[in-house]
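Here the structure comes first, spelled out in structure tokens, and everything after it is commentary.
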């Protein structure tokens, strides 16, 4: 018996020690899994070049006072042996409800490693790797098992060990905001740049480490490899940040001194040796108690993703994150549709008009005097003096509806329609909105009737002020109201600090909240476009009614001091990896001082704005400027492109791309042979040789070409542009020049 | 001009310096308000004897990161001058929907002091005192004002300066539980007794100071004054604890060392000098961030209450806390009714049967596989093996319905009817119950139909497991289901740690949650009986559908090692001050080992149990023992009293009372001339001379007298009792003996 034991042990030893390797379908990526002693680790190569050096995987668990009753506290860091490994191949082509292409191929080789950790109880952990030709996804899976039913995550300790001091486009890691301007630097420069990156005037700063960064993180190696780190399918789990171990790092998760509003997590014990410099270690967003997650088996982490290529265009055409998400969970998707819209919005952002109805109240308590029937909004605004600046009024909304109807825009967003805007932000008000009661000058029934009579819908707006407790209480009534009046899309917002107090925008519970809203909305056939919510992770595949998010620095910042000209040449590499952004482009009057007291100005040319409808893919596209600007003789020709450009596609070709420099993409309109091409460049301008080899051979097309004038410049001459028309055919070439901060847009209509 | 200034100043000086005094309507209480320098203070006397020595009033405010935008941080502690004072008188008699008496007189003299605090901005604070013949209520009022629109409370610093080292009946101050056994000690002994008081085996310990105690706090002075400190109308404000300054106190709000699960608040700066020993200072329950409240003016604190008398019976007949609450907020109260009920409950508490349906699952995820339609409980329990111990099954519930119908009990509570009990507690499970889906052996429609056919209703049970986020998501559906099937009362529960994590049972947000549920229930015509919720503060006057709470150590602890025999002689002085308790009396088979493996036993005699239906006033009274016990020949005669005793009254007379010793009360049945008398005593037994002078003169009554047998004893001989019948008239006297841990009960039926 004893001899048999040793025989089995030695038979198993090679299995334990040997590295497990899989290759991507084309063979150009190789994933290696092994044990470093008893710690799991993985490595990734691309065409024989290292992408991720051997990096550890694991989680620190938290001690819970209920531990003796089944809550575990032994870390899932080491002490592992390989129980078994399984490999498989998957290949399917699926059709998204909306997207950049009609078909998406999901083709990967998979390695599933089952690990056993001996200890007080025996525990099983599965590491699942999916290797695509464009990258890697892997996740932790926690099967149902006797000795691991519930656990609390102190932090996830997934390492991404870089091969060198790469160039990175990064945002400071923050638990509550992702609206910073992207920083471009070497990894070794993050620490020195961090303070400036954080000190950008937003009060919601909640940073955790002077080398903490957000995902999706885009990098470029010295030898021309592009690497993107992000996550897919973040469901009921905290959003992941990355903490860089650089030469000065002495411990993980240090508190950042001097950031006055910084959240102070308890310092994590350095239970594992510090990984080598230029290693990223995952850092999850905590809840109010500093914990990162409460888990019940069976469960799993989101996928951790590494997209890699030596061609930057592959970063943008990758479907890896969508593919790692679950298929569509909705039986009926007939009610989901890409949408172009305008809205009563930009004039408030710029400061010309207001969301609130009155200025005479120091503060508003909706329903202060309403115990009997428990209505939040019994406060009667008709008794107050209007400030005369309230934009969401009947007359203005009707003008927007008329404008939308005339120009083929399907919906009109109206912000500030509902009571509560007098003191909605940063007051720790729980009962801030009821999502039910319009201001006296907004005729809910009449305006919807008017819109419908014109073939237009109103788009709902739910600013929650981050009081999620309040929003969830009203959610069912709010969606039912939308159904009653004929709204089918809602822009929601999460400005300010989370209520319940102490929670963060990207925590497990908040991520659950956002998805809860999307799921409940689906029951009501409502499309959701959530602003200030967690950065997306491809969940729009599973819930295609999640048609958009903000979750990054949008066009609004052009009114708050401006976005750098290269901003929109970075976002598709970073923020857009997880899903579409409601960037709200189309500001053709770039000088705000021409019509308001706002001295900020848009850091693009007019053609740069047009290009965004193509380079910033979204099924939801706003024509964000004022109708009166679009109708101005100098801008109306450019607006024609916004009228013409669709937002639903059968095919997309990324023709040129370099992070923070330029992006050129051609897209074929859904169900047609019409193509639209957009190109956006940074402050240096760009020359494009546009080869029309994507057109159908033998067919004739009418092209309308919107280009920056030769002397155009995003600062000095932003509104100089030319519109030229010509007949084009497959194989022809167009030489197009983008001005500094500019771009071009081309519509190519099949005859 | 300068001279005029000094003239005005000197004219105002007397106003500032002079004490403001009011007396109670009878003149026996005197309230004095004055400024101690610039700090407000108050003092209270009763019949010329000091009750509260001069004590400061004020609040510490927290610094908020949004302070520059209107959040204030200057404490409301000092720097005050008197702006004006107003006195008034109020006298009304009102009728509660249910209560101990048909009429309640609300008669007080009021002093409202408007204080002005100069500083960065000028701020107004109103202190309102209402002086009754049975005590004092006062509160802070924060009017709407330009320089104080929003503020965060670091802590309230209301002082109650005692005149000496009183005897107190206290519970350790705790943010999450109030189910401890009451301690009786001198104030000076609290610190030494604290550790033992806390170390009682409940994992939810969240204490904050070794001299922290809960309210209602009952005290007795050396010279025979009874003083009770509590609060009234706690709405959208944190529950108040009291921290005793004793001779060892060096700072307020110290962390208790050595209590392993203790919450760790940041130590509060000692901004004000420490008050003298034997002063209680208010200490509010924090949220997850350690803050005590987020306020928006106009707003107000709850009333702080001081009930005082030299006769302990006045403590029990006082309506001061109800009077300080707002009148009924419900237009229609016709659907609210006192209720006697039985239920499928005690056998699970004792451990004989189970709430859960199956034992074969290590953990349960309701709706694990249900993205498509988002139903939480798609998990099919029909596929699991029943454990055979599930009590809430069709057969048993039908037997309880039959029993209720036979014995005049209006409702049958059924716990464990709904899926999720397999792993419901202490797991940090957010999605723990759906309040919708019955276990396979509970026929929701059929059992309700059966009950209704017998003139009985089922009583709903909603254990939330303190996952309030989950409960609020299901609340509307859960109440709608009750309406659909004909339930009109719900027992809700808040066992375990609050989700959102880090929050506490008695925080501002949780207090808002409990009231939100009561308000929403009222819309559905549902009565609420919330267990483990905040201790009540008289809100049942405003929302009479709040028919009960637990919020103290109930009968269930008789199965967990027992309640001390004096326990129920204390609760009416403490817990019941704020509202009725669902104590669930009526355990006539006091030896649990006779029918289960539970070796605990009830620390009263049978007659002691009967007495509780009178001494523990509640409009909701359970007959908590098993039907088969009530039907046993030895216990059925005693059960007759439970059948007979009503739970709705026109009048109540407290005949004898001494905290922790004995309570005797006579009550007249609603709309009749029948009287019921109950007396409960501690472990020492008690002799009562019951004068029947409350009966109508000249009328003849049939009395049935349930007394302990001469050799009865709560431990050695608990089930020995006699039932005697006699004819009685007004003016007669009955001499009745209560055994140690016993009592008596008398029904006096008018001919």
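Rundown of residues vs (1) buried (at least 24 other Cβ atoms within 10 Å of the Cβ); (2) in a loop (DSSP other than H, G, I, E, B); (3) touching a residue at least 40 places away in the same chain (Cβ under 8 Å), yes/no style:
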| site | (1), (2), (3) |
| --- | --- |
| B:584 | yes, yes, yes |
| B:593 | no, no, no |
| B:604 | yes, yes, yes |
| B:608 | yes, no, yes |
| B:625 | yes, yes, yes |
| B:629 | no, no, yes |
key: Single residue of segment B:181-219 satisfying the filter (surrounded by fewer than 20 Cβ atoms within 10 Å (Cβ to Cβ) and over 26 Å from residue B:163 (Cβ atoms)) that is modelled with the lowest pLDDT   = B:203
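Would you check if residue A:454 is touching a helix residue (DSSP H, G or I) at 6+ places or on another chain (Cβ under 9 Å) and more than 30 Å from residue A:362 (Cβ to Cβ)? Talk me through it step by step, then tell me what you get.
Numbers: touching a helix residue (DSSP H, G or I) at 6+ places or on another chain (Cβ under 9 Å): yes; more than 30 Å from residue A:362 (Cβ to Cβ): yes.
When the stated conditions are applied, residue A:454 passes them.
Condition test on residue B:302, is it within 30 Å of residue B:62 (Cα to Cα), surrounded by fewer than 21 Cβ atoms within 10 Å (Cβ to Cβ), more than 12 Å from every other protein chain (Cβ to nearest Cβ) and touching a strand residue (DSSP E or B) at 6+ places or on another chain (Cβ under 6 Å)?
Details: within 30 Å of residue B:62 (Cα to Cα): yes; surrounded by fewer than 21 Cβ atoms within 10 Å (Cβ to Cβ): no; more than 12 Å from every other protein chain (Cβ to nearest Cβ): yes; touching a strand residue (DSSP E or B) at 6+ places or on another chain (Cβ under 6 Å): yes.
Against the criterion (within 30 Å of residue B:62 (Cα to Cα), surrounded by fewer than 21 Cβ atoms within 10 Å (Cβ to Cβ), more than 12 Å from every other protein chain (Cβ to nearest Cβ) and touching a strand residue (DSSP E or B) at 6+ places or on another chain (Cβ under 6 Å)), residue B:302 does not qualify.
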note = Heads up, the helices (runs of 4 or more DSSP H) in segment B:455-571 (entirely inside) with at least 2 residues that are out of contact with any strand residue (DSSP E or B) (no Cβ under 6 Å at 6 or more places or on another chain) are B:468-485, B:508-523
request  = Would you point out the residue of segment B:283-297, among those that are at the interface with chain A (Cβ under 9 Å from one of its Cβ atoms) and within 23 Å of residue B:211 (Cα to Cα), that is surrounded by the most Cβ atoms within 10 Å (Cβ to Cβ)?
outcome  = B:287
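Can you tell me which residue in segment B:305-333 is farthest from residue B:523 (Cα to Cα), limited to those that are within 14 Å of another protein chain (Cβ to nearest Cβ) and under 21 Å from the mean Cα position of the chain (by Cα)?
Filtering segment B:305-333 for residues within 14 Å of another protein chain (Cβ to nearest Cβ) gives B:325-333.
In the following step, the residues that additionally are under 21 Å from the mean Cα position of the chain (by Cα) were identified as B:325-329.
Working: B:325: 21, B:326: 19, B:327: 18, B:328: 14, B:329: 12 Å.
Top of the filtered list is B:325.
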note = Per the filter on segment A:400-409, residues surrounded by 24 or more Cβ atoms within 10 Å (Cβ to Cβ) and either within 14 Å of another protein chain (Cβ to nearest Cβ) or touching a helix residue (DSSP H, G or I) at 6+ places or on another chain (Cβ under 6 Å) (or both) are A:401
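Which one of these is modelled with pLDDT of 95 or more and farther than 30 Å from residue B:89 by Cβ: B:399, B:304?
Working: B:304 fails: farther than 30 Å from residue B:89 by Cβ.
Selected residue: B:399, the only one of B:399, B:304 that is modelled with pLDDT of 95 or more and farther than 30 Å from residue B:89 by Cβ.
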inquiry  = I'd like to check something: does segment B:73-91 contain any residue that is touching a helix residue (DSSP H, G or I) at 6+ places or on another chain (Cβ under 8 Å) and either modelled with pLDDT under 90 or farther than 21 Å from residue B:158 by Cα (or both)?
reply    = yes
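In segment B:494-509, which residues are touching a residue at least 40 places away in the same chain (Cβ under 8 Å) and more than 10 Å from every other protein chain (Cβ to nearest Cβ)? Lay out the reasoning, then the answer.
In the first step, residues of segment B:494-509 are kept if they are touching a residue at least 40 places away in the same chain (Cβ under 8 Å); the result is B:495-509.
Answer for segment B:494-509, where residues must be touching a residue at least 40 places away in the same chain (Cβ under 8 Å) and more than 10 Å from every other protein chain (Cβ to nearest Cβ): B:495, B:504, B:505, B:506.
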key: From A:195, A:241, residue being part of a strand (DSSP E or B) and either in contact with a strand residue (DSSP E or B) (Cβ under 9 Å, 6 or more places away or on another chain) or more than 14 Å from every other protein chain (Cβ to nearest Cβ) (or both)   = A:241
ask   = Considering only segment A:76-100, how many residues are under 29 Å from residue A:328 (Cα atoms), in a loop (DSSP other than H, G, I, E, B) and in contact with a strand residue (DSSP E or B) (Cβ under 9 Å, 6 or more places away or on another chain)?
value = 5
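Just wondering, is there one or more residues in segment B:169-180 that are crowded, with 17+ Cβ neighbours inside 10 Å and over 19 Å from the mean Cα position of the chain (by Cα)?
Let us first name the residues in segment B:169-180 that are crowded, with 17+ Cβ neighbours inside 10 Å, namely B:169-180.
With over 19 Å from the mean Cα position of the chain (by Cα) added as a condition, the list becomes none.
The answer is no; no qualifying residue exists.
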task = Filter segment A:21-42 down to residues that are closer than 18 Å to residue A:78 by Cβ and in contact with a strand residue (DSSP E or B) (Cβ under 8 Å, 6 or more places away or on another chain), then give me how many there are.
result = 9
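Tell me, which residue of segment B:115-126 that is touching a residue at least 40 places away in the same chain (Cβ under 8 Å) and surrounded by fewer than 21 Cβ atoms within 10 Å (Cβ to Cβ) is farthest from residue B:74 (Cα to Cα)? Step through it out loud before you land on a result.
Step one: list which residues in segment B:115-126 are touching a residue at least 40 places away in the same chain (Cβ under 8 Å), which gives B:115, B:117, B:119-121, B:123-125.
Subsequent filtering for residues that are surrounded by fewer than 21 Cβ atoms within 10 Å (Cβ to Cβ) retains B:119-121, B:124.
On the way: B:119: 8, B:120: 9, B:121: 10, B:124: 13 Å.
The residue in question is B:124.
Could you list all residues from segment B:730-748 that are surrounded by 14 or more Cβ atoms within 10 Å (Cβ to Cβ) and either more than 35 Å from the chain's Cα centre (by Cα) or not in a strand (DSSP E or B) (or both)? Give the derivation first.
Within segment B:730-748, the first condition is being surrounded by 14 or more Cβ atoms within 10 Å (Cβ to Cβ), and the residues that meet it are B:730, B:732, B:734, B:736-748.
Once the filter is applied, which keeps residues that are surrounded by 14 or more Cβ atoms within 10 Å (Cβ to Cβ) and either more than 35 Å from the chain's Cα centre (by Cα) or not in a strand (DSSP E or B) (or both), segment B:730-748 yields B:730, B:732, B:739, B:740, B:741, B:742.
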note = Only one of A:723, A:728 is more than 14 Å from residue A:608 (Cβ to Cβ) and in contact with a helix residue (DSSP H, G or I) (Cβ under 7 Å, 6 or more places away or on another chain), namely A:723
Count of residues meeting criterion [within 13 Å of chain A (Cβ to nearest Cβ) and free of Cβ contacts under 8 Å to residues at least 12 places away in the same chain] in segment B:464-492 = 1
ask   = Looking at segment A:271-279, is at least one residue under 30 Å from residue B:503 (Cα atoms), more than 21 Å from the chain's Cα centre (by Cα) and away from every other protein chain (no Cβ under 14 Å)?
value = yes
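Look at residue B:530 and say whether it is crowded, with 22+ Cβ neighbours inside 10 Å, within 14 Å of chain A (Cβ to nearest Cβ) and at negative phi. Working first, answer last.
Details: crowded, with 22+ Cβ neighbours inside 10 Å: yes; within 14 Å of chain A (Cβ to nearest Cβ): no; at negative phi: yes.
Taking the combined requirement at face value, the residue does not satisfy it.
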message = Return the pair list, or none, for Cβ contacts closer than 6 Å from residues in segment A:16-44 that are under 20 Å from residue A:124 (Cα atoms) to residues that are outside any strand (DSSP E or B), at least 6 apart or on different chains.
response = A:34/A:19; A:38/A:78; A:38/A:79; A:39/A:78; A:40/A:57
query = Do we find a residue being away from chain A (no Cβ under 14 Å) and within 30 Å of residue B:299 (Cβ to Cβ) anywhere in segment B:147-154?
reply = no
note = Scanning segment B:410-463 for residues that are within 14 Å of chain A (Cβ to nearest Cβ) and surrounded by fewer than 19 Cβ atoms within 10 Å (Cβ to Cβ) gives B:425
remark   = When residue A:722 is run through (1) assigned to a strand (DSSP E or B); (2) touching a residue at least 40 places away in the same chain (Cβ under 8 Å), the failure sits at (2)
note = For residue A:557, the lone unmet condition from (1) under 21 Å from residue A:206 (Cα atoms); (2) away from every other protein chain (no Cβ under 14 Å); (3) crowded, with 24+ Cβ neighbours inside 10 Å; (4) in contact (Cβ under 8 Å) with a residue 60 or more places away in the chain is (3)
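Report, by residue number, each residue of segment A:115-140 that is in a strand (DSSP E or B) and within 14 Å of chain B (Cβ to nearest Cβ).
Start the filter on segment A:115-140 by keeping residues that are in a strand (DSSP E or B), which leaves A:115-117, A:123-132, A:135-140.
Those that are in a strand (DSSP E or B) and within 14 Å of chain B (Cβ to nearest Cβ): A:123, A:124.
The values are calculated or read from the model by the stated rules, or taken from the named source; none is laboratory data. Predicted model only: the values in this text are computed from it and were never measured. Ideal geometry is used to build each Cβ from the backbone, glycine not excepted, and the neighbour counts take in all protein chains shown.
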